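Below: the structure, in structure tokens.
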Amino acid sequence: MVNWIIANIGNIIAIVILAAVVAAIVINLVKQKKRGKSSCGCSCGSCPMGGSCHSNSCSTK
């Protein structure tokens, strides 16, 4: 078991770092959702639903 860990330590470290980055992104998105922010960039002029989803908060360009 120890030999396998030693042989694959590079892969294990890369997976741990990648998992930490993904977890940080998910936590950030959850916090933003709880604060009432959305992931929408408010470029409603190029969106076919621009007039109906952000009628007051974004200006249509």
Report task. Give me the pairs, please: first residue somewhere in segment 20-40 and assigned to a helix (DSSP H, G or I), second residue anywhere and open to solvent by 80 Å² or more (accessible area, probe 1.4 Å) and at pLDDT below 90, beta-carbon distance under 8 Å, and either six or more positions apart or on two chains. Result -> L29/S39; Q32/S39
Query raised in the report: What pairs come up if the first residue lies in segment 1-14 and is assigned to a helix (DSSP H, G or I), the second is surrounded by 10 or more Cβ atoms within 10 Å (Cβ to Cβ), and their beta carbons are under 9 Å apart, counting only those six or more places apart or on different chains?
Result: I5/I12
Query raised in the report: How many residues are open to solvent by 80 Å² or more (accessible area, probe 1.4 Å) and modelled with pLDDT of 70 or more when one looks only at segment 27-45?
Result: 7
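The values are calculated or read from the model by the stated rules, or taken from the named source; none is laboratory data. This is a predicted model, so every value here is computed, not measured. Because the Cβ atoms are built from the backbone with ideal geometry, glycine has one as well, and the counts that use them run over all protein chains shown. With ligands, DNA and RNA removed, areas are computed over all heavy atoms of the protein, side chains included. Shrake-Rupley method; radii C 1.70, N 1.55, O 1.52, S 1.80 Å.
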